1. Using a simple spin-label model with points 7 Å from Cα along the Cα→Cβ vector, what separation in nm is obtained for Ala56 and Asn190?
2. On a full-extension model of 0.36 nm per residue, what is the gain between Arg174 and Ala117, subtracting their alpha-carbon distance, rounded to one decimal in nm?
3. Once fully extended, how much extra length lies between Arg20 and Asp36, figured as 0.36 nm per residue of separation less the alpha-carbon to alpha-carbon distance?
4. Would you tally the net charge around Ala238, using a Cβ to Cβ cut-off of less than 11 Å, leaving Ala238 out, and scoring K and R as +1, D and E as -1?
5. Work the Kirkwood hydrodynamic radius out for the chain: mean of 1/r over every pair of different alpha-carbon atoms, inverted, in Å.
6. Suppose the Debye formula is applied to equal point scatterers at every Cα of segment 17-78; what is log10 I(q)/I(0) at q = 0.15, 0.17, 0.21 Å⁻¹?
7. Can you tally the net charge around Pro175? Count Lys and Arg as +1, Asp and Glu as -1, for every other residue whose Cβ sits under 15 Å from the Cβ of Pro175.
8. Gain in length, Ala6 to Arg260, computed as 0.36 nm per residue apart minus the alpha-carbon separation, to one decimal in nm?
Amino acid sequence: MNLSAATIAQLAEHLDNCQRNAQDTPKITDQYPDMDWDDAYAIQDAILARHLGRGARVIGLKAGLTSHAKMKQMGVETPVFGFLVDEYSVSEGGEVKVSELIHPKVEPEIAFVLKHALRGPGCHIGAVLAATDFVMPGIEVIDSRYRDFKFDLKSVVADNTSASRFVVGGQPLRPNQLDLRTVGIVLEKNGEPVALGAGAAVLGHPAAAIAMLANHLGARGQEIPAGSVILSGGITEAVAVAAGDNVCLRVQGMGSVSLRFV
Ligand code: OOG
Ligand code: MG
């Protein structure tokens, strides 16, 4: 760790305020170039503590930058992990108010719901599938607090990996009812397909992203709790949205899930 406890607390407060006020900021590594990975996750943890202090509940976790399309779009090379709190959850077909966000984008994802906790190290796809109750379509709304969505990995980790809203829905399936590598997805905006892909775009198999998350948490003495929803990461590039947009994700054999921006 290269940052003092006071600096970590101050950066957490700053990013938390940016999110709450829908205001952007230059990426924090501009001012703190020595920030390391532990500092970045410590800032994310301090933001989580602020949410919990306001009465929020953690309802899930997310992996991000798990596909080449996303890594290329953002110019980075390593997956990152964040948390999902109750206020991020949008009901199926529900509304997202763009006035509460800075510059939202949507991502097509496969969501996992676990029946057993998962703990690394050594977690692999097989362990993930054994622990998975069901998978379902999910749309993540990301909203980097950084100006023009420009960041490096440490800045985006500190900013809880741009998490802001998500919706899950459609037809849940047991993991043995489909091949998550070949499952096809189409993301539509206002009825037009804007992105398409297949599950294997995420690390060869979306369950690999969940295994990486379990191994990441295991190294910090934590686990993925049973019952959590986990977003495995955008299969395609993220797509910018504006008020009035209707977004629908169709996943082969799993129906569709949608939300509206107002
Ligand atoms: C970081 C979060 C990326 C994903 O699914 O790849 C992410 C960002 O691109 O702002 O959630
Ligand atoms: Mg995502």
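The values are calculated or read from the model by the stated rules, or taken from the named source; none is laboratory data. Keep in mind that what you see is a predicted model, and the values were worked out from it rather than measured. As a convention, Cβ positions derive from the backbone with ideal geometry for all residues, glycine included, and neighbour counts pool all protein chains shown. Remember, those area values only see protein heavy atoms, side chains included, never the ligands or the DNA or RNA. Shrake-Rupley method; radii C 1.70, N 1.55, O 1.52, S 1.80 Å.
1. Output for this residue pair reads 3.1 nm.
2. On the way: separation 57, 0.36 × 57 = 20.52 nm, distance 1.66 nm.
Contour length minus Cα-Cα distance gives 18.9 nm.
3. Working: separation 16, 0.36 × 16 = 5.76 nm, distance 2.53 nm.
Extra length from Arg20 to Asp36 when fully extended: 3.2 nm.
4. Values: positive: Lys70, Lys105; negative: Glu107, Glu109, Glu140, Asp143, Glu237.
Charge balance in the 11 Å sphere: -3.
5. Numbers: mean 1/r = 0.0550 Å⁻¹.
Hydrodynamic radius (Kirkwood, Cα only) of the chain equals 18.2 Å.
6. -0.69, -0.89, -1.23
7. Values: positive: Lys115, Arg174, Arg181; negative: Asp133, Asp179.
In short, +1.
8. Numbers: separation 254, 0.36 × 254 = 91.44 nm, distance 3.96 nm.
Full-extension gain reported as 87.5 nm.
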